[in-house]
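The values are calculated or read from the model by the stated rules, or taken from the named source; none is laboratory data. Just so we're clear, the structure is a prediction, and the values are computed from it rather than from any experiment. Cβ placement follows ideal geometry from the backbone for every residue including glycine, while neighbour counts extend to all protein chains displayed. Accessible surface is based on the protein model in full, side chains and every heavy atom, while ligands, DNA and RNA are left aside. Shrake-Rupley method; radii C 1.70, N 1.55, O 1.52, S 1.80 Å.
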Amino acid sequence: MKIPLTRLDRGYEKFKEEYNTIALKILESGSYVMGSHLKIFEDKFASFIGANHCIGVNSGLDALKLSLRALDINAGDEVIVPANTFIASVIAITENGGIPVFVEPDVYYNMDTDLLNESITERTKAILVVHLYGQGANMSKISKIAEAHDLWLIEDCAQSHGAKVDDIMTGSWGDLGCFSFYPTKGLGAFGDGGAIVCEDMTLYKKLKKIRNYGSEKKYFYDLVGLNSRLDELQAGLLTVKLSHIETLIQERRYFAESYLKGIKNQLVKLPKQRPGCESVWHLFVVEVEDRNAFQSHLDFWGIKTGIHYPIPPHLTKAYAYLGYDKGDFPITERLADRIISLPLYDGMTLSELDYVIQVINEYKES
Ligand SMILES: *Cc1c(COP(=O)(O)O)cnc(C)c1O
């Protein structure tokens, strides 16, 4: 059997007729950017998250970048961010001139709140928390810390659409919640897309301007903005997918539970769930000491895996200028050498799932 890490055609097949219908309707409408489908999606997504407002943008990176800009994060401002995150979280900070201050993860792969406290200085302006792999971070603690120190709280929810912490949706804890609709994400579009959700009307209005050249009224520019809009086709297709998101989340949870129950191999460390956090399992990540051997074993049996992520941002060539060395964030670095993501996608079959479990259970040390 051949099993890829992810396959997007299965997700399309699930609601194919609905996607085809809306896509044709939009193509025939003659309205392709900033039309009625964007507004419909924004309203539905805001209510799904439990936020007042939603601003559709071009990508998850733009959602983060525009958010920090709207909060006036400027040159020299420190922003606290997990050391073990996707590089986009860090790019959003440095693109605004900010300085990323990295914090090591806890056993759930999210920001360690004890270390977070120690990282705050008088230059700290914001905390950018990431809900990695679909599981919410320790938000009750993090939001208290943000409040106590008068810091902005931004949530990177690119992997956590629909995930809750203590019954509250990720994205509605902070001042701004940032989402990616990149095709592989939990709520994936058929191209690039992203969104920001918020409570505050002033931030909402400012973000709407920033995403559209700085104007609310055509050709009247209040600030120097960007072009970062979510187009009609993506908005329409996302509205269809959003209407099925509970089903998709339940399916992913079933796959994850099956892995958790089925994988019985002492060499494979399974992910832990924090009490009160309902993960949406964007990725199913395990830890293995000899990752190369494990990956080769799965590959030999036709199973593809991924590594999210092999090089932490502080050790990338891109961020060499920050001056970090190997050993600066040992927990993150050790994880980067051990983690491996198993196949998990919408429309995965039970026989595919069972096959992966069986091959993993047959893995031995060589
Ligand atoms: C995917 C992702 C992003 C960036 O989203 P894009 O839409 O690809 O720009 C940001 N942060 C995290 C944690 C992500 O997984």
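Which numbered condition trips up V107, out of (1) open to solvent by less than 10 Å² (accessible area, probe 1.4 Å); (2) more than 13 Å from the ligand (Cβ to nearest atom); (3) within 19 Å of the chain's Cα centre (by Cα)?
(1)
Has region 115-125 got at least one residue that is in contact (Cβ under 8 Å) with a residue 12 or more places away in the chain, in contact with a His (Cβ under 8 Å, 6 or more places away or on another chain) and surrounded by fewer than 24 Cβ atoms within 10 Å (Cβ to Cβ)?
Yes, region 115-125 has at least one match.
Any idea which of (1) within 16 Å of the ligand (Cβ to nearest atom); (2) closer than 30 Å to S243 by Cα is the one C198 doesn't satisfy?
That leaves (1) as the condition not met.
Give the residues of region 143-179 that are of a type in the set (V, I, T) and either within 16 Å of the ligand (Cβ to nearest atom) or touching a residue at least 60 places away in the same chain (Cβ under 8 Å) (or both), sorted by residue number.
I154, V165, I168, T170
Go through (1) away from the ligand (no atom under 12 Å from the Cβ); (2) within 30 Å of R334 (Cβ to Cβ); (3) under 17 Å from the mean Cα position of the chain (by Cα); (4) open to solvent by 10 Å² or more (accessible area, probe 1.4 Å) for E78 and report which single condition fails.
For E78, the failing item is (3).
Of the residues in region 28-64, how many are surrounded by fewer than 16 Cβ atoms within 10 Å (Cβ to Cβ) and closer than 18 Å to G214 by Cα?
1
Right, S67: under 15 Å from D200 (Cα atoms), open to solvent by less than 50 Å² (accessible area, probe 1.4 Å), within 15 Å of the ligand (Cβ to nearest atom) and of a type in the set (S, T, N, Q) or not?
In short, yes.
Residue-by-condition table, conditions (1) part of a helix (DSSP H, G or I); (2) in contact with a Ser or Thr (Cβ under 9 Å, 6 or more places away or on another chain); (3) within 23 Å of L238 (Cβ to Cβ); (4) among the β-branched types (V, I, T):
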site	(1), (2), (3), (4)
M1	no, yes, no, no
D9	yes, no, yes, no
N20	yes, no, yes, no
I26	yes, no, yes, yes
L38	yes, no, yes, no
K44	yes, yes, yes, no
F48	yes, no, yes, no
I55	no, no, yes, yes
K65	yes, yes, yes, no
